[in-house]
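Read through the structure below, which is laid out as structure tokens, and then see the notes.
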Amino acid sequence: MTQRPRLGPGEVEFEAFRAAGPGGQNVNKVATAVRLRFDVRRSPSLSDEVKTRLLRLAGNRATRDGVLRIEARRFRTQEANRRDAEVRLQRLIEAARRPPARRPPTTPTAASRRRRLEHKRRRSQVKAQRRRAEERD
């Protein structure tokens, strides 16, 4: 098993806000949703390759400045949402730590080469037919 990535203190910021959706009066009064912010580009805990892969994996969750934002509002308590956001961040980092699998180069099959050459021959004949008779000879 790989070692879990350790982030330094202060690298991750949390902000609580009110969650939308069902929940009655409680949802309108209590800030249970959590927004996690992690500045990927400035993190001393990650290598440059991992940072690049992490930002690619994050997609729209990352800003142009390289700040990863994860919003967690699945649970009714702030603490549970905070843990959920942390777990999601850890999963993203673990996925970014794994280098992409190398794709072995492939070669065209004999049949596909034959089809390609046959197609080229046919196109050549069609274009030759469009020329004047004197030019064809």
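Yes/no matrix, rows are residues, columns are (1) touching a strand residue (DSSP E or B) at 6+ places or on another chain (Cβ under 8 Å); (2) outside any loop (DSSP other than H, G, I, E, B); (3) under 20 Å from F75 (Cα atoms); (4) among the aliphatic types (A, V, I, L, M):
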| position | (1), (2), (3), (4) |
| --- | --- |
| A16 | yes, yes, yes, yes |
| G21 | no, no, yes, no |
| V34 | yes, yes, yes, yes |
| L54 | yes, yes, no, yes |
| N60 | no, yes, no, no |
Single condition L55 does not satisfy, out of (1) touching a helix residue (DSSP H, G or I) at 6+ places or on another chain (Cβ under 8 Å); (2) over 22 Å from A19 (Cβ atoms); (3) hydrophobic (A, V, I, L, M, F, W, C): (1)
Filtered residue count, the stretch 55-96, keeping only those that are among the small types (G, A, S), surrounded by 14 or more Cβ atoms within 10 Å (Cβ to Cβ) and in contact (Cβ under 8 Å) with a residue 24 or more places away in the chain: 5
Test result for T52, under 30 Å from K29 (Cα atoms), of a type in the set (S, T, Y) and without any contact (Cβ under 8 Å) to a residue 60 or more places away in the chain: no
Subset of the stretch 24-39 that is surrounded by 14 or more Cβ atoms within 10 Å (Cβ to Cβ) and at pLDDT below 90 - its residue that is nearest to A85 (Cα to Cα): A33
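The values are calculated or read from the model by the stated rules, or taken from the named source; none is laboratory data. Values in this document were obtained by computation on a predicted structure and should not be read as measured data. Counting neighbours? That spans all protein chains shown, and the Cβs are built from the backbone with ideal geometry, glycine included.
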